[in-house]
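The values are calculated or read from the model by the stated rules, or taken from the named source; none is laboratory data. Every value quoted in this text rests on a predicted model; they were computed, and no experiment measured them. Glycine also receives a Cβ, built like all others from the backbone with ideal geometry; neighbour counts cover every protein chain displayed.
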Ligand SMILES: Nc1ncnc2c1ncn2[C@@H]1O[C@H](COP(=O)(O)OP(=O)(O)O)[C@@H](O)[C@H]1O
Ligand SMILES: [Mg+2]
């Protein structure tokens, strides 16, 4: 089954902790090169990495690395994977050399000379050769991360996984660390997770955006940025008041104090260019904010829509009109038509039939009344003014009300058919479908 090409296939992977879904149906293919996994804290990055390293197992789905299943071939996976965990601390009393020597022995490198050469070359790569005999306990944050990378690459892994390696490093150390990862990524898959866009912008060929356990983007960074083309603007302002206006109207990406005033970078559609408003060339950071905001907006819109629909449905259910509607649709079929035009109490072409039939078809009446009840009532009573000053999109409100009416209509139609069939059944049982009118 083993192939030469390095490849990770993640198929329909779900991971739950109790009832909580930390990852929801993830599908992803990762090929050789640097892969950036981007997401807020709590998005599920560490969870995904622990699944790839076979430290934990998916609740559903499977992960195949170079032909090996992380559930069934744990030892093979350990042989090809190097991992630098997010919370990383090493034995402080060991020197850099002693620690790596220990790890090399665990990797079955028995020959002392071979081990020594390997460790020195790796210490050189991670720029720690000058402190090879110093105790790790005295290392800086950046140096500890580098020793972490060194232990992860001792086995020359096909897949190198580093979980938020730049967290807590100063800007200079971060840049150095990223450069080092790029150097190490030859003929390997390197997966780097981060919540800092800058970490992946220069180095990763492929990226994925994880948001609350679901993937909201996978692809190249260029395509990611293209999604915000034309939506990023820079507005120059000098007044604090205008700044507040801008903040209320648009999503602010960043602000910069300049000689002309404050330059605000925002996300927005269809702004008009003038001396103070200019279209900006988008970057990865803009894309990230756009994706996060956009999802938040859509989520909010739907959540509000269903809240309104639920509340209105409840309100209709308690109204007098609702019970009129129920009586109409329950008793109409008894008197007049039913879905298959038989078993009713009047002949198909009699006057009574037409009268009742028409009345029955007018079961739309309750619907019209409902619409009147929930919309025009609002207008008359100024309830509108109350509702529309709540922090909710008018779209969610109006659609929510329609959804409530529609659900109610479906419910009544359902009742109508249930009772039609029920009456038909009873009438047939008692052989009284010889018509009474
Ligand atoms: N062992 C666990 N038990 C219960 N919940 C967990 C466990 N590990 C992680 N979680 C939850 O899963 C979600 C994703 O966590 P994690 O993968 O650590 O996110 P990230 O690394 O992106 O910050 C979080 O809400 C976290 O609280
Ligand atoms: Mg994490």
Worksheet item: If you check residue 94 against the conditions, is it free of Cβ contacts under 8 Å to residues at least 60 places away in the same chain, buried (at least 21 other Cβ atoms within 10 Å of the Cβ), away from ligand 2 (no atom under 16 Å from the Cβ) and more than 27 Å from residue 40 (Cα to Cα)?
Response: no
Item to complete: Out of 216, 193, 251, report the one residue that is within 16 Å of ligand 1 (Cβ to nearest atom) and surrounded by fewer than 20 Cβ atoms within 10 Å (Cβ to Cβ).
Response: 216
Worksheet, complete the sentence: Restricted to segment 219-234 and to residues being part of a strand (DSSP E or B) and either touching a helix residue (DSSP H, G or I) at 6+ places or on another chain (Cβ under 6 Å) or free of Cβ contacts under 8 Å to residues at least 24 places away in the same chain (or both), the residue surrounded by the fewest Cβ atoms within 10 Å (Cβ to Cβ) is 219
Worksheet item: Only one of 44, 33 is assigned by TED's automatic domain parsing to the domain that holds residue 179, under 24 Å from residue 199 (Cβ atoms) and away from ligand 2 (no atom under 16 Å from the Cβ); which?
Response: 33
Worksheet item: Of all residues in segment 161-179, which are touching a helix residue (DSSP H, G or I) at 6+ places or on another chain (Cβ under 6 Å) and either part of a helix (DSSP H, G or I) or within 21 Å of residue 33 (Cβ to Cβ) (or both)?
Response: 161, 163, 165, 166, 173
Worksheet entry | Where a residue in segment 19-44 is in contact (Cβ under 8 Å) with a residue 12 or more places away in the chain and closer than 12 Å to residue 8 by Cα and its partner, wherever it lies, is within 15 Å of ligand 2 (Cβ to nearest atom) and in a strand (DSSP E or B), with Cβ under 6 Å and at least six apart | 35/191
Item to complete: Could you check residue 308 against (1) under 14 Å from residue 231 (Cβ atoms); (2) at pLDDT below 90; (3) surrounded by 14 or more Cβ atoms within 10 Å (Cβ to Cβ) and say which number it fails?
Response: (1)
Response to the item:
Within segment 97-119, restricting to residues that are surrounded by 12 or more Cβ atoms within 10 Å (Cβ to Cβ) and assigned to a loop (DSSP other than H, G, I, E, B), the one that is farthest from ligand 2 (Cβ to nearest atom) is 109
Item to complete: Filter segment 196-213 for residues that are touching a residue at least 60 places away in the same chain (Cβ under 8 Å), in a loop (DSSP other than H, G, I, E, B), surrounded by fewer than 21 Cβ atoms within 10 Å (Cβ to Cβ) and more than 16 Å from ligand 1 (Cβ to nearest atom) and give the result.
Response: 203, 205
Worksheet entry | Some residue of segment 251-268 being within 30 Å of residue 15 (Cβ to Cβ), out of contact with any strand residue (DSSP E or B) (no Cβ under 9 Å at 6 or more places or on another chain) and either outside any helix (DSSP H, G or I) or in the same structural domain as residue 40 (by TED's automatic domain parsing) (or both) | no
